[in-house]
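Engineer: Here's a structure for you.
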Amino acid sequence: EAAVTQSPRNKVAVTGGKVTLSCNQTNNHNNMYWYRQDTGHGLRLIHYSYGAGSTEKGDIPDGYKASRPSQENFSLILELATPSQTSVYFCASGDGQGAEQFFGPGTRLTVL
Amino acid sequence: GEQVEQLPSILRVQERSSASINCTYENSASNYFPWYKQEPGENPKLIIDIRSNMERKQIQGLIVLLDKKAKRFSLHITDTQPADSAMYFCAVHSGGSNYKLTFGKGTLLTVTP
């Protein structure tokens with residue numbers, strides 16, 4: 001089974017501050033994804049990547065950037081955090097079109 | 001983009017009865033339909049999936065039905081147990097060259113003893 005880890009697991013940030021969420025996967029999957037989960041909205045895709053050096057906008061990219069410096073690592077960056085970005089963020093990886101996505105444990109972000 | 005509607009949002013059933021969750025989608029080119037289970041405080045985990053070349057798939061007590069004409073698919077959990085209590089999400093892959101899944105908003109299933 002793919003191993004996907006996220007750090008930090010919990011984060012409290014101030015409005016206007018910069019936040020970086022990190023994700024690492026060890027199963028050599030090409031594709032990686034960042035979602036946020038909010039009650040009543042399910043899982044919504046923020047950014048995704050096909051491989052090292054690539055990032056693509058998902059369904060709700062505004063206010064977020066992403067970086068994929070290597071096959072294993074995919075970061076989500078909030079340059080100017082806002083309280084509306086308080087959420088649980090999940091990273092996932094997968095190895096192809098329509099294939100299973102393996103989720104990390106999640107990061108709970110609170111922006112005050 | 002793709003829109004996925006999932007109903008009901010809350011489902012409460014008695015132990016040993018069946019539970020059914022329904023999802024509809026818009027894009028007729030969609031070709032992959034996974035179901036994820038998320039327990040409290042945990043991450044979503046794939047429990048069963050179906051591809052567009054199938055109409056029915058069963059893994060133990062889980063049954064997925066796909067009606068491509070109606071653009072509808074459903075999850076049926078037979079002989080439910082309290083351990084089946086969780087949030088369930090359907091998802092759709094819309095085909096083409098993108099690798100995205102679009103998720104439904106989830107169903108909170110509670111199985112009472």
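The values are calculated or read from the model by the stated rules, or taken from the named source; none is laboratory data. Values in this document were obtained by computation on a predicted structure and should not be read as measured data. A quick note on method: Cβ atoms are made from the backbone with ideal geometry, for glycine too, and the neighbour counts reach across all protein chains shown. Note: accessible area is taken over every heavy atom of the protein model, side chains too, but ligands, DNA and RNA are not part of it. Shrake-Rupley method; radii C 1.70, N 1.55, O 1.52, S 1.80 Å.
Engineer: Just checking, does the range B:5-27 include any residue being part of a strand (DSSP E or B) and free of Cβ contacts under 8 Å to residues at least 40 places away in the same chain?
Structural biologist: Taking every residue of the range B:5-27 in turn, none turns out to be part of a strand (DSSP E or B) and free of Cβ contacts under 8 Å to residues at least 40 places away in the same chain.
Engineer: Step by step: first the residues of the range A:18-32, then only those that are part of a loop (DSSP other than H, G, I, E, B) and more than 9 Å from chain B (Cβ to nearest Cβ), then the one that is most open to solvent (accessible area, probe 1.4 Å). Which residue is that?
Structural biologist: My answer is A:Lys18.
Engineer: Residues being open to solvent by 20 Å² or more (accessible area, probe 1.4 Å) and not aliphatic (A, V, I, L, M): count how many of those fall in the range A:65-112.
Structural biologist: Counting residues in the range A:65-112 that are open to solvent by 20 Å² or more (accessible area, probe 1.4 Å) and not aliphatic (A, V, I, L, M) gives 20.
Engineer: May I pose another question? List pairs: first residue in the range A:39-65 and over 23 Å from B:Phe89 (Cβ atoms), second residue β-branched (Val, Ile, Thr) and open to solvent by 20 Å² or more (accessible area, probe 1.4 Å) anywhere in the structure, Cβ distance under 6 angstrom, at least six positions apart or on different chains.
Structural biologist: A:Lys65/A:Ile77
Engineer: Taking the criterion of being of a type in the set (A, V, I, L, M), touching a Pro at 6+ places or on another chain (Cβ under 7 Å) and more than 14 Å from chain A (Cβ to nearest Cβ), would at least one residue in the range B:95-111 satisfy it?
Structural biologist: yes
Engineer: While we're looking at this one, here's another question. For residues that are of a type in the set (S, T, N, Q) and open to solvent by 20 Å² or more (accessible area, probe 1.4 Å), scanning just the range A:33-64, find the one that is farthest from A:Leu109 (Cα to Cα).
Structural biologist: A:Ser54
Engineer: Sticking with this one: On the basis of being under 19 Å from A:Gln6 (Cα atoms), within 14 Å of another protein chain (Cβ to nearest Cβ) and in a loop (DSSP other than H, G, I, E, B), does A:Gly40 make the cut?
Structural biologist: no
Engineer: Would you point out which residue out of B:Ser52, B:Ser20 is more than 14 Å from chain A (Cβ to nearest Cβ), open to solvent by 20 Å² or more (accessible area, probe 1.4 Å) and not aromatic (Phe, Trp, Tyr)?
Structural biologist: B:Ser20
Engineer: Quick one: which of B:Leu108, B:Leu75 is out of contact with any Gly (no Cβ under 9 Å at 6 or more places or on another chain), open to solvent by 50 Å² or more (accessible area, probe 1.4 Å) and of a type in the set (A, V, I, L, M)?
Structural biologist: B:Leu108 is the lone residue from the list that is out of contact with any Gly (no Cβ under 9 Å at 6 or more places or on another chain), open to solvent by 50 Å² or more (accessible area, probe 1.4 Å) and of a type in the set (A, V, I, L, M).
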